[in-house]
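Mind having a look at this structure? Questions to follow.
The values are calculated or read from the model by the stated rules, or taken from the named source; none is laboratory data. Everything numeric here is computed off the predicted structure, so don't read it as measured data. All Cβ positions, even for glycine, are placed from backbone atoms using ideal geometry, and neighbour counts span all protein chains on display.
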Amino acid sequence: MEIKKVGVLGCGLMGSGIAQVCAMAGFDVTVLEVEQKFLDKGFAGIEKSLGKLAERPPEKGGITAQQKNEIRARLRGTTDVHNLAHCDIVIEAVIENIAEKKKIYALIEGVVKKQAIFASNTSSISITELMTATKRPERFVGLHFFNPVPLMKLVEVVRTIATADDVYETAYEFGKKLSKVPVRTSDKTGFVVNRLLVPYLLDAIRAYEEGVGSIEDIDNAMKLGCGYPMGPFTLLDFVGLDTTYYITHVMYDEFKERRFASPPLLKRLVMAGWYGRKSGKGFYDYSDPNKPVANKL
């Protein structure tokens, strides 16, 4: 099966990023949102991202003004689900809530052509469970991109026990066409990255709770001692503490192991509305985004 037309469900941070990389790879892209204002916000983000790329020289990954216009011409926003009818693949990137995801799949099931592939960008929810909201289990996969999508090279390609071999290979090759590096993984909660990353992040919080070191010192230790581009608390604030907290519940429910359980401090920060960068406060205070200061917790 050849993929030419791509549908994206949701135009938030991840959805708009996925739409952008698909358009940059030459695909015609239709993005579905519930309201025009969400499309406007998402497309403004795409415009800003493309603007930055247009400022770079081609040898450093930049694009020309003509390429920028061509990419924008391949992007279309809509609030009408029927505009997804002829898509060859539809990638869901709505809120990380299983009920909402199932609802949108049920909505598009009878509209999108039967041979189309459905994919989810979920970072933690079972692909198999999402698949049950459709009548095409053999044509359902996970395509887990990473934030920011235009810059991060990885995509996890997730298969269930029901995914057809040709569908899985098509999804894998599609990842390559987006200039990503696809990795194969099965439908085990957390897939590859979060299965290994989440326990590390939670252990960093526990280490701080137990007085092993300060927020700054633990961050610096992991950056300078392990060569990580950012420390665990900076990464937690970037990902979103609310997102991480949600993922811990999904993973703990699956495995019932302490390493996946949320530390008390994470729970309290989320309860207080301190979600990290997006809320202005998390493990760091972002009153000056260029000079975040560790909070006394």
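Could you tell me which residue of the stretch 185-216 is farthest from D285 (Cα to Cα), considering only residues that are among the charged types (D, E, K, R) and exposed (fewer than 14 other Cβ atoms within 10 Å of the Cβ)? Break it down stepwise before answering.
Of all residues in the stretch 185-216, those among the charged types (D, E, K, R) come to 187-188, 195, 203, 206, 209-210, 216.
In the following step, the residues that additionally are exposed (fewer than 14 other Cβ atoms within 10 Å of the Cβ) were identified as 188, 209-210.
Working: K188: 35, E209: 18, E210: 22 Å.
Going through the qualifying residues, I end up with K188.
Out of the stretch 268-296, which residues are surrounded by 15 or more Cβ atoms within 10 Å (Cβ to Cβ), in contact with a helix residue (DSSP H, G or I) (Cβ under 7 Å, 6 or more places away or on another chain) and not β-branched (V, I, T)?
Passing the criteria: L269, W274, Y275, G276, R277, G282, F283, Y284, Y286, A294.
Of the residues in the stretch 1-11, how many are modelled with pLDDT under 95 and either part of a helix (DSSP H, G or I) or not acidic (D, E) (or both)? Spell out the reasoning first.
Step one: list which residues in the stretch 1-11 are modelled with pLDDT under 95, which gives 1-2.
If we keep only those that are either part of a helix (DSSP H, G or I) or not acidic (D, E) (or both) as well, we get 1.
Looking only at that region, the number is 1.
Related question: Take the stretch 17-44 and flag every residue that is assigned to a helix (DSSP H, G or I), without any contact (Cβ under 8 Å) to a residue 60 or more places away in the chain and touching a helix residue (DSSP H, G or I) at 6+ places or on another chain (Cβ under 6 Å).
So in the stretch 17-44, the residues assigned to a helix (DSSP H, G or I) come out as 17-24, 36-44.
Filter once more, so that each one left must be without any contact (Cβ under 8 Å) to a residue 60 or more places away in the chain: 19, 23, 36-44.
Hits for the stretch 17-44 are A23, G42.
Can you tell me how many residues in the stretch 99-121 are crowded, with 19+ Cβ neighbours inside 10 Å, touching a Phe, Trp or Tyr at 6+ places or on another chain (Cβ under 9 Å) and more than 18 Å from D165 (Cβ to Cβ)?
Step one: list which residues in the stretch 99-121 are crowded, with 19+ Cβ neighbours inside 10 Å, which gives 101, 104-105, 108, 112, 116-121.
Going one step further and asking which of them are touching a Phe, Trp or Tyr at 6+ places or on another chain (Cβ under 9 Å), we end up with 105, 108, 112, 117-121.
After this cut, where a residue has to be more than 18 Å from D165 (Cβ to Cβ) as well, the list is 105, 108, 112, 120-121.
Of the residues in that region, 5 qualify.
While we're on this one: Among the residues of the stretch 69-83, is any part of a helix (DSSP H, G or I) and in contact with a strand residue (DSSP E or B) (Cβ under 8 Å, 6 or more places away or on another chain)? Steps first, please.
Here is the first cut: in the stretch 69-83, the ones part of a helix (DSSP H, G or I) are 69-73, 81-83.
Restricting the remaining residues to those that are in contact with a strand residue (DSSP E or B) (Cβ under 8 Å, 6 or more places away or on another chain) gives 81, 83.
Yes: the stretch 69-83 contains one or more residues that are part of a helix (DSSP H, G or I) and in contact with a strand residue (DSSP E or B) (Cβ under 8 Å, 6 or more places away or on another chain).
For the stretch 219-238, give me each residue that is part of a helix (DSSP H, G or I) and surrounded by fewer than 21 Cβ atoms within 10 Å (Cβ to Cβ).
Step one: list which residues in the stretch 219-238 are part of a helix (DSSP H, G or I), which gives 219-226, 232-238.
Correct list: N220, A221, M222, K223, L224, G225, C226, L235, F238.
Please go through the stretch 241-286 and pick out each residue that is among the polar types (S, T, N, Q) and either outside any helix (DSSP H, G or I) or modelled with pLDDT under 95 (or both). Step through it out loud before you land on a result.
Step one: list which residues in the stretch 241-286 are among the polar types (S, T, N, Q), which gives 243-244, 248, 262, 279.
Selection gives T243, S262.
What is the residue count in the stretch 1-20 for residues that are within 14 Å of L151 (Cα to Cα) and surrounded by fewer than 22 Cβ atoms within 10 Å (Cβ to Cβ)?
Going through the stretch 1-20 one residue at a time, the tally reaches 1.
Oh, and also: Checking the conditions here, which among E96, E138, E156, E47 is in a loop (DSSP other than H, G, I, E, B) and either surrounded by fewer than 22 Cβ atoms within 10 Å (Cβ to Cβ) or assigned by TED's automatic domain parsing to the domain that holds G17 (or both)?
The unique qualifying residue is E96.
Condition (residue is crowded, with 22+ Cβ neighbours inside 10 Å and in contact with a Lys or Arg (Cβ under 6 Å, 6 or more places away or on another chain)) applied to the stretch 57-77: is it met by at least one residue?
No, the conditions are met nowhere in the stretch 57-77.
Now, a different point. So, in the stretch 261-285, exactly how many residues are free of Cβ contacts under 8 Å to residues at least 24 places away in the same chain and not acidic (D, E)?
Taking the stretch 261-285 first, the residues free of Cβ contacts under 8 Å to residues at least 24 places away in the same chain are 267-268, 271-273, 279-281, 285.
Checking the rest, the ones that are also not acidic (D, E) come to 267-268, 271-273, 279-281.
So the answer is 8.
This table checks each residue for (1) more than 15 Å from L143 (Cβ to Cβ); (2) among the basic types (K, R); (3) within 21 Å of the chain's Cα centre (by Cα).
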| residue | (1), (2), (3) |
| --- | --- |
| I18 | no, no, yes |
| F27 | no, no, yes |
| V31 | yes, no, yes |
| P58 | yes, no, no |
| D80 | yes, no, no |
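Taking K256 as the residue in question, decide whether it is surrounded by fewer than 18 Cβ atoms within 10 Å (Cβ to Cβ) and at positive phi.
Details: surrounded by fewer than 18 Cβ atoms within 10 Å (Cβ to Cβ): yes; at positive phi: yes.
Judged against the criteria, K256 is a match.
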